[in-house]
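Engineer: Sharing a structure with you now.
The values are calculated or read from the model by the stated rules, or taken from the named source; none is laboratory data. Remember, predicted model here, so these are calculated numbers, not experimental data. All Cβ positions, even for glycine, are placed from backbone atoms using ideal geometry, and neighbour counts span all protein chains on display.
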Amino acid sequence: MYRAAMLIVVSTLVPSVAAAQQPCTTDANHVVAELYRHMLERSTDSDSAHWVQQLERGRLTVRAGELLTFDAEGTVQLGADPNDIADPGGARSGRRAAAAPLTSALAGTLVARIGTAGVIFVGDRRSLRAPSSGRLYLGVKDDHLADNSGEFRVTVTVD
């Protein structure tokens with residue numbers, strides 16, 4: 001067994017990619033795949049360049065049964081309303097995004113997916129056994145990403 005710690009910045013999409021956004025979908029796999037694709041297309045700063053290179057190379061993978069611990073902080077603004085703010089645990093207002101995956105979770109929640117498995121609630125701190133092997137994807141639960149801004153900083157420990 002090995003132990004590795006990774007710092008991943010999950011940034012929401014800036015309005016500059018709004019023109020490329022397709023209509024909303026309830027397909028969780030599509031939503032997470034699009035988030036991941038847009039994340040890799042963003043220009044990187046010097047602090048995150050190393051992690052983007054690792055994502056591009058597919059090195060952030062986990063094996064079924066490994067213990068994953070997520071520790072997240074930061075905020076995202078979920079829309080044009082400056083009061084529509086979420087931390088990794090979800091929208092401070094308590095609102096939900098009915099068209100996004102995990103309908104029971106608050107809008108703005110930090111979510112994950114491993115390989116092609118379903119979307120998993122992460123929040124601000126969570127430990128779980130990887131349900132399957134594959135690339136680790138992190139994202140923000142929302143049904144309209146084009147108007148989001150901000151970031152979550154997530155440390156992932158794999159045991």
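Engineer: If you take the residues of region 123-146 that are hydrophobic (A, V, I, L, M, F, W, C) and more than 20 Å from Asp84 (Cβ to Cβ), which of them is nearest to the chain's Cα centre (by Cα)? Break it down stepwise before answering.
Structural biologist: Here is the first cut: in region 123-146, the residues hydrophobic (A, V, I, L, M, F, W, C) are 128, 130, 136, 138, 140, 145-146.
So of that shortlist, the ones also more than 20 Å from Asp84 (Cβ to Cβ) come out as 128, 130, 136, 138.
Numbers: Leu128: 16, Ala130: 16, Leu136: 10, Leu138: 3 Å.
Going through the qualifying residues, I end up with Leu138.
Engineer: Something else about it: Report, ordered by the first and then the second residue, all pairs with beta carbons closer than 7 Å, sequence separation of six or more or different chains, a first member in region 109-133 that is closer than 22 Å to Leu145 by Cβ, and a second member that is in a strand (DSSP E or B) and hydroxyl-bearing (Ser, Thr, Tyr).
Structural biologist: Ala112/Tyr137; Arg113/Tyr137
Engineer: Also, quick follow-up: May I ask you to list the residues in region 132-152 that are of a type outside the set (A, V, I, L, M), surrounded by 15 or more Cβ atoms within 10 Å (Cβ to Cβ) and over 23 Å from Gly94 (Cβ atoms)?
Structural biologist: Scanning region 132-152 gives Gly134, Arg135, Tyr137.
Engineer: Going by the conditions given, is Ala146 farther than 18 Å from Ala64 by Cβ, touching a Pro at 6+ places or on another chain (Cβ under 9 Å), modelled with pLDDT under 90 and outside any strand (DSSP E or B)?
Structural biologist: On the way: farther than 18 Å from Ala64 by Cβ: yes; touching a Pro at 6+ places or on another chain (Cβ under 9 Å): yes; modelled with pLDDT under 90: yes; outside any strand (DSSP E or B): yes.
So Ala146 fits the description; yes.
Engineer: Would you check if Thr109 is crowded, with 23+ Cβ neighbours inside 10 Å, touching a Lys or Arg at 6+ places or on another chain (Cβ under 9 Å) and among the polar types (S, T, N, Q)? Let's see the steps before the verdict.
Structural biologist: Numbers: crowded, with 23+ Cβ neighbours inside 10 Å: yes; touching a Lys or Arg at 6+ places or on another chain (Cβ under 9 Å): yes; among the polar types (S, T, N, Q): yes.
Against the criterion (crowded, with 23+ Cβ neighbours inside 10 Å, touching a Lys or Arg at 6+ places or on another chain (Cβ under 9 Å) and among the polar types (S, T, N, Q)), Thr109 qualifies.
Engineer: Please enumerate the residues belonging to region 64-108 that are of a type in the set (Lys, Arg) and more than 16 Å from Leu145 (Cβ to Cβ).
Structural biologist: Of the residues in region 64-108, the ones of a type in the set (Lys, Arg) are 92, 95-96.
Listed by number, the list holds a single entry, Arg92.
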